[in-house]
Every structure is written in C-alpha cells, then in structure tokens.
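Every number here is computed from the coordinates shown, using simple stated rules; none is lab data. These figures come from a predicted structure and were not determined experimentally. Every residue, glycine among them, receives a Cβ derived from its backbone with ideal geometry; neighbour counts consider all protein chains shown.
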Amino acid sequence: MSGVLTLPAPLDPHVHLRDLAWAHKGTFTSETAAALAGGYWAVLDMPNTPPPTVDPQALATKLAALTAGALCDWGVYFGASQDDNTACYPQVARQVCGLKMYNNATTGTLLLADQAAREAHFRAWPGGRVIAVHAEGQTVADILALVRLTRKHTHFCHISTAEEIALLRAAKADGLPVSVGVTPHHLFLTERDVTTLGALGRMKPELKTAADQAALWEAIADGTVDVVESDHAPHTLDEKRGDPPPSGVPGLETTLPLLLTAVREGRLSLERMIALVTTNPRRIFGLQAPPETYTEIDLDASYVISREGLHTACGWSPFEGMRVWGRVRRVIIRGQTAFADGRVCVSPGFGHNLFAEGI
Ligand code: NCD
Ligand code: ZN
Ligand code: ZN
C-alpha cells in the first residue's frame with residue numbers, strides 16, 4: 001500500500017466539541033479544526049457539555065454557535081434528560097442527527113438509570129432518527145430489551161468488552177436494528193497503558209484487557225462492528241492533573257492514521273477501514289456525501305504522534321509516542337479546499353448543519 005489514498009467524505013459520528021460553558025476545554029472552531037486536521041468531512045456532536053442539549057432553548061443556542069463557528073460539516077444530538085423532556089421530541093427531532101441516552105455514569109448530568117424512564121424515552125423518540133446509547137456491561141442487555149420492544153434503530157457507542165460484543169453479535173443475528181461503534185483508544189490501548197498514561201489514559205468506558213481488545217478486532221473483521229468513532233472528549237492538562245481527573249481523551253486527529261497503520265500492518269483490510277469511517281457512519285445517520293467531498297492521505301508519510309502540530313485546544317494525545325503511517329494532506333468539502341498541508345483554509349461558519357430543518 002503506497003501513494004495517495006482518497007477517502008470519500010469521512011464522518012466521525014461521536015465527538016464532544018465542548019465550547020459554550022466549557023470553552024476553556026475547546027471551542028467549536030478549535031475542535032472542528034482538529035476534525036479537518038484528522039481528515040474528516042463532518043462530525044456529530046454529543047449533548048452532555050453544559051448547558052446540556054436537552055431543551056429547545058439549549059438546542060437553539062448550540063445550533064447558532066456551531067453555525068457561526070464550525071469549520072467542517074456537522075450535526076448535533078439531542079439529549080434524553082432525567083427530568084422528562086420527551087414532550088419536545090417531535091419538535092426537535094427534525095433538527096438533530098439523533099437522540100443520545102447516557103445509561104451509565106459519565107461526564108455531565110444526563111444519567112438515566114431507571115429502566116422505565118429509559119423505555120419512555122425510547123417510545124417517545126420519533127422513528128427515522130437514531131437513538132445512540134452509552135451502555136456498558138449488563139446495561140447493554142437492558143437496552144437491547146428496549147430495542148426488542150420498540151424496534152427503533154439504536155447505535156451502541158464505544159463498545160469495549162468481549163461480553164458486550166457477544167450480546168450485540170447475537171442481537172444482530174436476531175435481526176434487531178442495532179449498530180455498533182468502537183473507539184481507537186479501545187482498539188490501540190489496553191488497561192496496561194494506564195500505568196504509563198495515568199490520567200491521560202482515563203475515559204469512559206475505561207481501557208480494558210488485551211482479550212477484550214482482541215474481541216473488538218475480531219468483531220471488526222466479522223462485521224459486528226459498523227463504525228470507528230473517536231469519542232473525542234478534550235479536557236485540559238491542568239484538569240487531567242486534578243484529583244479525580246475528568247474522564248475523556250481527544251481522538252479526532254489520530255483515528256485515521258492509526259487505522260491506516262493497522263491496514264499497513266495487515267491487521268485490517270483497506271475495504272473494511274473505508275467502510276468503518278465513511279460508508280457505514282453515513283448510512284447509519286442517513287447522510288449522503290456532498291459532491292466533490294473527499295480526503296487525500298499520503299500513505300508513505302510516517303511520523304511519531306506528538307503534541308506539536310495538534311489543532312485540538314487541549315494540546316495532548318493518549319497516543320503520543322506511537323509511530324503511524326498516513327498523513328492527511330488535503331480535505332476537500334463541496335469542491336473547496338478546507339485543509340491543506342497542516343493548515344485550515346476556510347473560515348469559521350464554512351461548515352454546514354447536515355440536519356438543518358426541512359432536509
Ligand atoms: C465523555 C466526555 O468527557 O464528554 N467522556 C468520556 O470519557 N468518553 C463522555 C462520554 O462519551 O461518555
Ligand atoms: Zn459515552
Ligand atoms: Zn462520548
């Protein structure tokens with residue numbers, strides 16, 4: 001494998017761009033710059049950053065700020081709230097990429113622990129737009145029961161264990177409408193790396209064993225896994241030095257090079273890799289690639305991941321020190337060069353909302 005690879009419109013369907021009350025961690029402009037530097041056409045932003053995207057007012061605030069600040073194309077999730085916010089679902093669903101439900105504790109205040117409340121959210125969300133879930137361990141089985149009941153398309157985010165993979169493989173064999181995402185940190189790091197990474201290796205779900213990691217790679221090969229999603233979740237180095245440190249790691253700028261390195265090493269086929277970051281995420285969210293939208297990657301460029309040159313405002317990566325093959329050269333969006341040779345070439349506001357009302 002050598003030369004220049006052209007990837008059609010890569011989409012990362014799971015990022016936390018921050019901004020708003022957490023602008024000190026990153027802004028819509030800084031983190032969409034990271035998306036372009038990572039080779040992405042578009043990103044889908046999660047609702048847990050304060051103020052959480054759980055009512056029409058918070059949604060309007062976020063849409064306005066992203067419209068003004070985004071450098072790449074984008075969509076946002078609406079969040080399921082502990083205070084029943086289902087009444088506004090019909091109104092907001094047309095403006096967002098999907099509903100996000102947090103079913104285990106993580107960053108933010110959106111935990112839904114009660115199965116009856118989860119069911120009410122599942123029933124209320126209009127069909128045709130995805131429900132994305134944070135579910136770990138046994139909670140995966142709890143959510144699968146709701147999928148069986150309601151038959152709504154459910155995307156399982158950042159799956160990280162062999163046990164969860166087995167549940168989802170069986171669910172797919174049963175014909176349930178589910179899709180599965182895994183993150184680059186669960187694919188390329190294990191719990192052993194926490195010894196050296198410390199807080200920089202802390203995220204939800206936590207890093208797992210080598211056996212769990214092997215199960216994820218197997219599930220990529222057999223088609224159980226549909227998507228590689230970064231779960232880009234920047235926190236500042238100062239915050240990571242705190243006690244306890246917040247959970248979450250940046251990932252937008254390292255996912256494609258890490259995956260292309262696995263392709264080069266024969267651990268992943270190029271066809272699968274392309275499906276995981278382009279066609280599958282687009283299909284799950286019902287998106288078409290705009291015309292003349294692609295990313296060029298120099299497959300012969302090799303480098304060691306370091307802090308220098310990162311566009312994310314947090315300025316660090318859990319993959320520092322790893323040698324990768326594949327450097328993003330250019331990102332073309334709707335015929336315009338958005339990123340070339342390390343530099344952003346468009347202004348804030350260039351990015352389109354892929355789920356603007358009426359589309
Ligand atoms: C995410 C965050 O910081 O917003 N943290 C994380 O560890 N992944 C939240 C999440 O995706 O669960
Ligand atoms: Zn999560
Ligand atoms: Zn996340």
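Partner lysines whose Cα lies under 21 Å from the Cα of LYS100, excluding those fewer than 8 positions away in the same chain, are identified as LYS62, LYS152, LYS172, LYS204. In whole percents, the pair-distance distribution calculated for the stretch 158-210 from its alpha-carbon pairs, binned every 5 Å from zero, is 4, 19, 28, 19, 12, 10, 6, 3, 0.
Under Stokes-Einstein, with the Kirkwood radius over Cα pairs standing in for Rh, what whole-number D in µm²/s applies to the stretch 1-156 at 20 °C and 1.002 mPa s?
131
Percent relative contact order of the chain, based on C-alpha pairs within less than 8 angstrom and at least six residues apart?
Normalised by residue count, the contact order of the chain is 24 percent.
When the P(r) of the stretch 225-306 is calculated, the portion above 17 Å amounts to 61% of the C-alpha pairs. Its Cα gyration tensor gives the chain an equivalent ellipsoid. The semi-axes, each the square root of 5 times an eigenvalue, are 28, 24, 21 Å from largest down.
Charging the Cβ of each Asp and Glu at -1 and of each Lys and Arg at +1, and nothing else, the dipole of the stretch 4-358 about its Cα centre rounds to 480 debye. If the Kirkwood radius is taken over C-alpha pairs of the stretch 1-91, then at 25 °C and 0.890 mPa s the Stokes-Einstein diffusion coefficient equals 174 µm²/s. Eigenvalues of the alpha-carbon gyration tensor of the stretch 93-201, scaled by 5 and square-rooted, set the equivalent ellipsoid semi-axes at 26, 17, 13 angstrom, largest first.
For the stretch 291-309 versus the stretch 158-176, the spacing of their alpha-carbon centroids is 32 Å.
Taking the Cα atoms of the stretch 182-324, the ratio Rg/Rh between the radius of gyration and the Kirkwood radius comes to 0.96.
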